[in-house]
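Inspection log for the structure reproduced underneath, given as structure tokens.
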Amino acid sequence: MLLKRHLSTVTLMVALAVPISAMANGYQNLHQSAMGLGTAYAANGAGIDDVSAMFSNPASLSRFPGWNASAGVTLILPTDTFEGLSATTSGGVPITDGNPSEPSQFLDTTFSGFWYVSKQLSDKLHFGLAFNAPWATESDYTDTAASRYTATTTELTAYNLSPMLSYQVTEQLSLGAGLNIQYYTSKFATNISTTPAAPARGTDALATFEGDKLAFGATVGLEYQATDQWRFGVSYRSAINHEFDGDVQIDGSTAALAALPGFGISDSGSAKYDIATPWMLQLGAHGQINDKLEVYGSATLTGWSKFTDTIVETSNGLGTIEVKNGWHDAIYVAVGAGYQVTPKTKIFGGLAYDETPTPTKVRNPRAPNAHRYYVGLGLSHAFSPSRSIKFGYAHTFFDDAPIRLTEATNPGRGSLNGDIKIDADIVMVQYVHSF
């Protein structure tokens, strides 16, 4: 990052990276449907058989007559390590008092939830309302590790309320559209050193940036029943840019805070920055092979290239902070199948590949993205024609995520090297009711 004027010769290390890390690549939270999760999201776009299908394609509402409601809860259980840590300041001073590994998990066990409601308004018109958090992450690195000047706390959540409509154009074709009303809360923190020539935990302070923002986007889609056996879907979710007018607060010991004025810095001020949620283009297919067996497939292109370098403007003397991102668009592909074991019980499963949008040279511990592979399993059971419960499970395998930051890709913070390893188990339960 770049610190202007008074810090040009005496470097105060202030590390800021937009917090992006989740169980899908980027900071995406795909976990909005038990059938989706259990098929590794192969059923997204055209194959989900309950009202949660509207999340991935608003045109799917036309398949659900009358009133429908559904709600679910997701539990994410990550396992992670961050080892082999070494770091220097931007002036090349080694950080010698930091632990060489993260002493605790930096990705927390988390819960998330969602709900959906739909109503058939006429023979051709359906209305839906969805609430979820499709973009969210939370991580917490300790302030004792050598990486503390790059990342400590990260909390991001984009709450999304989506009113939608679908219209049955013909017996085969449905169109859908909706509005994404998105309320985004952000909090991220990092240590700063008040003794940059000899950085030490005892002289560190903690800089915390917070902001929230309401912004709007759109989603559109279509479903086409090509034959009695095959249905296809296409959907698009627009990017949403959040322009935060937030705050920065610096906390620390009396001695650390007393040192700040010597750098021309105060302990609080404003912080303006942008965070974007990317666009998504998805294709889905559902095939009813016979009365028991069905297959699913989906492919999603996510526009992470919209996530360009992040500029943070502060008013408390920290100056202008630059975070280099350099992400690229990424593909997610999945295949799956379902089998009707009994008239009331169906099992399903799937496999997926999730490409990382993050080049190695700019990978940040706040965003330890790597190529990922999903294995999903699930089950649905109908208690009656109008009531059912669904369970989904997926294990996510991550490629290793080496951190290889230099002064060029981590400006103002110096170098950081380490090796991150992650895997995760994801469990979901969802209730579905029709009226």
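We did not get these values from a lab; they are worked out from the coordinates using the rules stated. Nothing here was measured: the structure is a model prediction, and the numbers come from that model. Backbone-built Cβ (ideal geometry, glycine too); neighbour counts: all protein chains shown.
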Ala145 neighbourhood, Cβ < 15 Å, K/R = +1, D/E = -1, net charge -4
For the chain, the charge dipole (Cβ of Lys, Arg +1; Cβ of Asp, Glu -1; about the Cα centre) points to a positive end, and the Cα of His395, Ala226, Val323 closest to that extreme belongs to Ala226
Excluding residues fewer than 8 positions from Lys324 in its own chain, the aspartates and glutamates with Cα under 12 Å of it are Asp309, Glu407
Expected sort for 89-100, 27-38 on mean C-beta neighbours within 10 Å, highest first, is 27-38, 89-100
Protection proxy (average C-beta count within 10 Å per residue), highest first, orders 178-189, 252-263 as 178-189, 252-263
With the charge dipole of the range 51-162 built from beta-carbon charges (+1 for Lys and Arg, -1 for Asp and Glu) about the Cα centre, the Cα from Thr74, Thr142, Phe127 projecting farthest to the positive end belongs to Phe127
Counted neighbours (other Cβ, 10 Å), sorted fewest up, put Met428, Met280 in the order Met280, Met428
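Sort Thr342, Thr152, Thr157 so that the residue with the fewest other Cβ atoms within 10 Å of its own Cβ comes first and the one with the most comes last.
Ascending number of Cβ neighbours within 10 Å: Thr342, Thr157, Thr152.
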From fewest to most C-beta neighbours within 10 Å, the residues Asp123, Asp247 line up as Asp123, Asp247
Over 18 Å (Cα to Cα) among Lys124/Lys344; Lys187/Lys213; Lys292/Lys346 -> Lys124/Lys344
From the cross-link list Lys306/Lys361; Lys390/Lys421; Lys272/Lys361, the entries with a Cα-Cα span beyond 24 Å are Lys390/Lys421; Lys272/Lys361
